[in-house]
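The structure appears right after this line, and notes come after that.
The values are calculated or read from the model by the stated rules, or taken from the named source; none is laboratory data. As the structure is a prediction and not an experimental result, all values here were calculated from the model. As a convention, Cβ positions derive from the backbone with ideal geometry for all residues, glycine included, and neighbour counts pool all protein chains shown. Side chains are part of the model used for accessible areas, which takes the heavy atoms of the whole protein and leaves out ligands, DNA and RNA. Shrake-Rupley method; radii C 1.70, N 1.55, O 1.52, S 1.80 Å.
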Amino acid sequence: MRISTTSCLCPFLVCLCFFQRYCGASHHVPTKMPFKNQTKLANGEAEIHHRPKRGWIWNQFFVLEEHMGPDAQYVGKLHSNSDKGDGSVEYILTGEGAGTIFVINEVTGDIHATKSLDRERKTHYVLHAQALDRNTKMALEPESEFIIKVQDINDNAPKFPDGPFVALVPEMSEVGTSVLQVTATDADDPTYGNSARIVYSILQGQPYFSVDPKTGIIRTALANMDREAREHYTVVIQAKDMAGQVGGLSGSTTINITLTDVNDNPPKFPQKNYQLYVPESAQVGKPVGKIKANDEDLGVNADIKYSIINSEGANMFSISTDRDTREGIISLKKPLNYERKKTYTLHIEGMNTHVDPRFSYLGSFKDTATLKITVGDVDEAPVFSMDPYIMDVYENAPSGTEVGAVTAQDPDSRNSPVRYFLDSEEEGERFFRIDESSGVIWTTQPLDREDMPWHNITVMASEVGRYPDNPSLLSHVPVTVQVLDVNDNPPEIATEEEVIVCESSRPGQVIQTITAVDKDDFANGQRFFFALPSQLPVNPNFTLKDNEDSTASIIARRRRFNHLIQELYELPIVVWDGGEPSLSGTSTLTLRVCPCQRHGRIRMCQGEAFLSSAGLSTGALIAILLCIVILLAIVVLFITLRQNKKEPLIISEEDIRENVVTYDDEGGGEEDTEAFDIIALRNPAAAEELKFRRDVRPEVRQHCGPPRSCRSPSVELDEVDVHEFIKQKLVEADLDTSVPPYDSLQTYAYEGQGSPTGSISPLDSPGTHSEQDYNYLDDWGPEFQKLAELYGEAESEMTT
């Protein structure tokens, strides 16, 4: 069987096809040979072999990829030596793509490709061909294997599979410094033509960078590129196949190049001279100030070490570097004394710790500045290092008013978002809420400064999702909120006590000076105005004078108040404050009329004098009253028990002490029958019969007719010789040895029946005018106060 093709893809194939068809029958269409092979033997006879021999087989075909023609693409031809051209031979094609991609003419053996092929998807196909007898279906020749190879065309552009790229290169690098190598790939066949031969070029990024056309290595093309001037560059690289020739396909990629920092900038202080105020109470070892030199470099290239290079400053102060802020922290080494030294001068040097010797030609990487420290004269007191948040908000502001905001930042490199919340254990959570994301604090209800002028809350911050899983990552900060005042409270009279008005007050006399109080807070001092209510009639007793200094005076409008006629007066007073808007309040004062000494030197009522002089509080008064009640209860109980105890009706004569009756009254003479009954003295015989109980007062009933018709019992017994009776009893007492040695007789003065001397009382005598001055009675004390008032009133009436 033979295989032929008419697909001429190039001049070589055209020649090959021409040779195959017209000149090369031995290669493509072999001469027909007998089915029985013969071999010449040594004896000249021919040995016949029964195995048939096939013709020469063309075992490889070519087909172009991406064929877009309307007809099927011709691939080649199969032909068997047994084919006589009469159609008795049937050709069968099996293998990859047989029947779907490749079809064969069963009679002629022509093979066609019915679909467009892609070499990048499949480079070749393996098929099998067989020739059968059409009638008997017997194989005329054994099955033959051949390959159809897809021939490449330039249909794939170069690609950068790893782009876009990010690259770093140090600033100030020399020209030609390698930055990055990029590599493009081409899916076309690299062994056939220039379809996969790539050339690199730069489209964007000149004149700063260049690229090697063969290797794709990007290099710096400009010297002394400064990061501080420009840090980021964008470079576009193109890869083109067909060796860069016209018609070739291309692809591009982007490289983002960043200049990394090197230490090419020395530190610089913003100014050469600084001043710092430090109180003499500053604690040793504590920071007192900061200074900073700027360095345009980054990272370790910007690290600065500070030092004090003069002895005056180094002896009293030290300086260290804050690694986070790169500031010089100035601390105190020894206590300051304003009286000894008031100023210090420090020469401070800032120097890079990592110096690159390649840039030594730029100069020394250090700078100096002068710091003048002034010592402040203050009283030593404890110093707190913490500075909390202090915010303010007006009282009565509606709910949801913004108070302020707190901020926190995650120091980690990932800079995680922060969540804010309030401490739920504090009372301040009822009045405020905080936004979890922004840290803004709002009120939850109107605040009252008079109720609570300050609120202390604690704001906590944590990374999102960390708390409460990890409480150690929770931070706290105290926030103090001041409630600012607005004028929302009317003023009131300051005193709640009664105002004392002397009975001897005169018209125009100042009774008392009053002031007012206001719960609101006035920044420039409180200012009050006073007046009597305008809607009430004129008060005939008192008036009010505004002193224009936030006080007012109560003035009497008439004279001669009398507490017996009217003891209490009420005086309503209107008070305005000086706020915006102005508020007013009405307070009613109680004025009590009390008798006072002359010239009003004591303004205190008698009922209050005792309590005021004793200086007793309400609790002490209650305790005294309780004690008095208990004592009274004990006395009543004692008397009740004694009354229930029976006493003998006859009193023993030996109990002489029970018969002594003492009294301090002067007595009314012989006509006084109430002090002592002297019937026993005038009628000794009836003395024993007239004995009575000394604990019960006898009732004396006298039935009289018209006035002055009754005579006392003492007058009826005048005829008895009292002197004789007394002498007799005296003798008996002297002779009786059983009686006690003390006197048991009641003694009294016996004046007699009437007296020729008239009364010495001045009450009924006609008075005469005396020119004596009784003002000295005012100096005799409170015992003679009433007498002094009587003589004073009489004197004033006589003067009138």
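When DSSP beta bridges are restricted to pairs lying wholly in segment 492-594, around 85% turn out antiparallel.
Going by accessible surface with a 1.4 Å probe and the largest first, Ile319, Ile330 read Ile319, Ile330. Pairs over the 29 Å Cα-Cα cut-off, from the set Lys341/Lys366; Lys292/Lys342; Lys84/Lys115; Lys77/Lys137: Lys341/Lys366; Lys84/Lys115. Take segment 70-135 with all the other protein chains still there, run a 1.4 Å probe, and you get 47 Å² of accessible area per residue.
Counting only Cα atoms, segment 242-398 measures 91, 62, 22 Å along its principal axes, largest extent leading. Take the Cβ atoms of Thr343 and Asn487, set R0 to 45 Å, and the FRET efficiency comes out at 0.40. When a 1.4 Å probe is rolled over the protein heavy atoms, the share of accessible surface on segment 60-151 that falls to carbon and sulfur comes to 52 percent.
Here Glu402 and Val355 are evaluated by their C-beta separation; at R0 = 60 Å the FRET efficiency comes out at 0.75.
Measuring only protein heavy atoms, the 1.4 Å probe finds Cys627 accessible over about 80 Å². Available extension along the chain between Trp442 and Glu228 is 72.7 nm, counting 0.36 nm per residue and deducting the alpha carbon span. Given the protein chains as shown and a 1.4 Å probe, how many square angstrom of Arg560 are accessible, to the nearest 10? Taking all protein chains as shown, Arg560 has close to 140 Å². Surface analysis of segment 273-376 yields an accessible area of 56 Å² per residue, using protein heavy atoms and a 1.4 Å probe. Beyond 22 Å, the tail of the calculated P(r) for segment 165-260 holds 32 percent of the Cα pairs. Between Lys333 and Val166, the simple label model (points 7 Å from Cα in the Cβ direction) yields a spacing of 4.7 nm. Shape summary: segment 492-594 maps onto an equivalent ellipsoid whose semi-axes, from the alpha-carbon gyration tensor, are 27, 12, 12 Å in decreasing order. Summarising the overall dimensions of segment 210-328 from its C-alpha atoms, the Rg and Dmax are 25.7, 86 angstrom. Sorting the segments 398-410, 93-105 by their mean number of nearby beta carbons within 10 angstrom, highest to lowest, gives 93-105, 398-410. At a 1.4 Å probe, what is the % contribution of carbon and sulfur to the accessible area of segment 273-376? Answer for segment 273-376 is 49 percent, counting heavy atoms of protein chains only.
Cα-based radius of gyration for segment 288-329, normalised by 2.2 N^0.38 Å, reads 1.25.
Of all DSSP-defined beta bridges confined to segment 165-260, some 75% are antiparallel rather than parallel. Accessible surface calculations at 1.4 Å, restricted to protein heavy atoms, place segment 492-594 at 57 Å² per residue. Taking only protein heavy atoms and a 1.4 Å probe, the accessible area of segment 165-260 is 50% carbon and sulfur. Tell me the Kirkwood radius of segment 430-581: reciprocal of the mean inverse pair distance over distinct alpha-carbon atoms, in Å. Evaluated on segment 430-581, it is 20.3 Å.
Ranked by solvent-accessible area (1.4 Å probe, protein heavy atoms only, all chains present), the residues Ser360, Ser416 order from largest to smallest as Ser360, Ser416.
Note on surface exposure: Met391, Met138 rank Met138, Met391 by accessible area, highest first, 1.4 Å probe.
With 0.36 nm allotted per residue and the present C-alpha distance subtracted, the Leu637-Lys727 stretch has 27.8 nm of extension available. Between Thr370 and Asn644, the distance separating the two model label sites (each 7 Å from Cα on the Cα→Cβ line) works out to 10.7 nm. When you work out D = kT/(6 pi eta Rh) for segment 60-151 at 4 °C and 1.567 mPa s, using the Kirkwood radius from C-alpha pairs as Rh and the Stokes-Einstein form, the result is 95 µm²/s. Spin-label model, Leu276 to Glu312: label points 7 Å out along the Cα-to-beta-carbon direction sit 1.5 nm apart.
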